[in-house]
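The values are calculated or read from the model by the stated rules, or taken from the named source; none is laboratory data. This is a predicted model, so every value here is computed, not measured. Here the Cβ positions follow ideal geometry from the backbone for every residue, glycine too, while neighbour counts run over all protein chains shown.
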Ligand SMILES: C[S@@+](CC[C@H](N)C(=O)[O-])C[C@H]1O[C@@H](n2cnc3c(N)ncnc32)[C@H](O)[C@@H]1O
């Protein structure tokens with residue numbers, strides 16, 4: 001598969017891991033290089049639809065493990081004509097392990113992650129011990145993490161994890177993000193359910209790359225995905 005074959009497919013169909021393997025480079029799924037942001041568990045793509053249209057100079061990647069839902073997101077975004085968003089169908093851990101270069105993201109968005117309320121399922125949660133460190137490896141210097149949930153106990157856990165990691169500082173949720181609702185959020189708002197939102201910024205000293213590497217990353221901050 002070549003670049004030209006992937007782009008039309010991406011414009012309405014989620015990209016699969018075999019597609020990515022053939023391409024060999026995540027950067028090739030976008031028509032142009034730009035800073036990259038990731039939404040984990042993007043559902044039907046409502047957040048990306050709203051937010052990516054505000055920032056045509058940023059590339060957005062949504063990852064969704066349920067195929068039917070990923071298809072809905074991809075076709076919705078294609079109908080809107082957004083060229084800076086791509087949906088990947090699959091497990092986020094696979095993307096992180098195989099395709100996402102370290103320090104390649106300027107922000108990670110995770111909205112209404114599955115709470116896995118039973119104690120014996122807690123290991124399946126996205127936010128658990130080690131998650132702040134993993135995100136720090138993926139983020140560029142001063143990168144941001146934005147989280148929303150409707151589950152108070154999970155919110156507390158998420159805040160404790162990030163507050164205690166010392167890698168991050170808690171920052172205000174950017175105003176423009178508040179206006180970009182997800183599908184679940186729209187429903188919760190209509191039901192009058194409380195929603196908990198938080199944002200963290202990677203502290204400059206938390207960057208875990210080499211000093212020269214840091215210099216390169218900062219100098220090329222607007223060139224997007226690097227491998
Ligand atoms: C509760 S829904 C929220 C969807 C969307 N963020 C929203 O707010 O409307 C959680 C979504 O994350 C997806 N998901 C959960 N774990 C995932 C994983 N490990 N990799 C990729 N997607 C995942 C689920 O399939 C589901 O669509």
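If I ask for residues that are assigned to a loop (DSSP other than H, G, I, E, B), within 14 Å of the ligand (Cβ to nearest atom) and farther than 19 Å from residue 40 by Cβ, which ones from region 150-195 would you list? Lay out the reasoning, then the answer.
Quick first cut of region 150-195, residues assigned to a loop (DSSP other than H, G, I, E, B) only: 150-151, 166-167, 172-174, 179-182, 192-195.
Now narrow it down to the ones that are within 14 Å of the ligand (Cβ to nearest atom): 150-151, 180-182, 193, 195.
Once the filter is applied, which keeps residues that are assigned to a loop (DSSP other than H, G, I, E, B), within 14 Å of the ligand (Cβ to nearest atom) and farther than 19 Å from residue 40 by Cβ, region 150-195 yields only 193.
Which residues, counting only those in region 60-82, are part of a helix (DSSP H, G or I) and surrounded by fewer than 17 Cβ atoms within 10 Å (Cβ to Cβ)? Steps first, please.
Here is the first cut: in region 60-82, the ones part of a helix (DSSP H, G or I) are 67-79.
67, 68, 79 - these are the residues of region 60-82 that are part of a helix (DSSP H, G or I) and surrounded by fewer than 17 Cβ atoms within 10 Å (Cβ to Cβ).
Tally the residues that are away from the ligand (no atom under 16 Å from the Cβ) and assigned to a helix (DSSP H, G or I), restricting the search to region 95-143. Don't jump to the end; show me each part of the working.
Within region 95-143, the first condition is being away from the ligand (no atom under 16 Å from the Cβ), and the residues that meet it are 101-104, 106, 119-120, 129, 132-133, 136-137, 139-143.
Narrowing further to those that are assigned to a helix (DSSP H, G or I): 119-120, 132-133, 136-137.
The total comes to 6.
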Inset, instruction - Would you point out the residue of region 83-94, among those that are within 9 Å of the ligand (Cβ to nearest atom) and assigned to a loop (DSSP other than H, G, I, E, B), that is nearest to residue 69 (Cα to Cα)? - result: 90
Inset, instruction - Output the number of the condition that residue 98 fails; it satisfies all remaining conditions of (1) within 30 Å of residue 152 (Cα to Cα); (2) touching a residue at least 40 places away in the same chain (Cβ under 8 Å). - result: (1)
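Let's see how each residue does on (1) modelled with pLDDT of 95 or more; (2) part of a strand (DSSP E or B); (3) in contact with a strand residue (DSSP E or B) (Cβ under 8 Å, 6 or more places away or on another chain):
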position: 7; (1), (2), (3): no, no, no
position: 21; (1), (2), (3): no, no, no
position: 28; (1), (2), (3): no, no, no
position: 34; (1), (2), (3): yes, no, yes
position: 38; (1), (2), (3): yes, yes, yes
position: 44; (1), (2), (3): yes, no, no
position: 48; (1), (2), (3): yes, no, yes
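Select from region 163-194 the residues that are in contact with a helix residue (DSSP H, G or I) (Cβ under 6 Å, 6 or more places away or on another chain) and within 27 Å of residue 73 (Cβ to Cβ) and list them in ascending order. Talk me through it step by step, then tell me what you get.
Quick first cut of region 163-194, residues in contact with a helix residue (DSSP H, G or I) (Cβ under 6 Å, 6 or more places away or on another chain) only: 165, 167-168, 180, 182-183.
Passing the criteria: 180, 182, 183.
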Legend entry - Answer from 67, 54 - the residue that is within 11 Å of the ligand (Cβ to nearest atom) and either over 12 Å from the mean Cα position of the chain (by Cα) or at pLDDT below 95 (or both): 67
